[in-house]
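The values are calculated or read from the model by the stated rules, or taken from the named source; none is laboratory data. Bear in mind that the values here come from a model prediction, so they are computed numbers and not experimental data. Neighbour counts run over all protein chains shown; Cβ positions are idealised from the backbone, glycine included.
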């Protein structure tokens, strides 16, 4: 599909499925090299990162554990500026290497919230992997260690990313038509 309609808005194709798969494969192989011989806990941020994490796991070469945390900071096409934890971790992360899997990092509010919350649980390390980064609006000091692709500050959907819960099932990434 070249365009999709969600809640009355039009979204144009931004990144096709094949390119997206290659991008995630490359990211997973880089993380695999960096964590060779280790067993990190990969924490997927729900709901948006579930498809990214699932595909990433297809290409990750090494031992790992997987856990999930659910946070929310968006309403419609805008960040609320406030992060609400909705579902927490189900295991101890003390003295463990952590990789946070995020679908998209824009303002950094969610990453900052997660960094603070998880750091208080005394992990050995925390690194962040994101499918997309919006560098022009990312305003935090926390390093983003693994980036699938940097993109302009435009609203996108697909492959787990949504617009008011629609579009997560799309196999490609679509950008809101201006």
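Structure notes:
- Of the criteria (1) touching a strand residue (DSSP E or B) at 6+ places or on another chain (Cβ under 7 Å); (2) under 21 Å from residue 5 (Cα atoms); (3) at pLDDT 95 or above, which one residue 77 fails: (3)
- Subset of region 13-30 [touching a helix residue (DSSP H, G or I) at 6+ places or on another chain (Cβ under 9 Å) and either at pLDDT below 95 or assigned to a helix (DSSP H, G or I) (or both)]: 20, 21, 24, 25, 26, 27, 28, 29
- Which numbered condition residue 37 fails, given (1) out of contact with any strand residue (DSSP E or B) (no Cβ under 7 Å at 6 or more places or on another chain); (2) part of a helix (DSSP H, G or I): (2)
- Counting only strands (runs of 3 or more DSSP E) that sit wholly inside region 101-178, those with at least 1 residues that are farther than 15 Å from residue 20 by Cβ, in contact (Cβ under 8 Å) with a residue 24 or more places away in the chain and over 12 Å from the mean Cα position of the chain (by Cα) are 125-133, 173-176.
- When every residue of region 60-72 is checked against the conditions, none turns out to be at pLDDT 95 or above, surrounded by 19 or more Cβ atoms within 10 Å (Cβ to Cβ) and part of a helix (DSSP H, G or I).
- Hey, residue 147 in contact with a strand residue (DSSP E or B) (Cβ under 6 Å, 6 or more places away or on another chain), crowded, with 18+ Cβ neighbours inside 10 Å and at negative phi or not: no
- Scanning region 87-100 for residues that are at negative phi, loosely packed, with under 15 Cβ neighbours inside 10 Å and either at pLDDT 95 or above or assigned to a strand (DSSP E or B) (or both) yields a total of 2.
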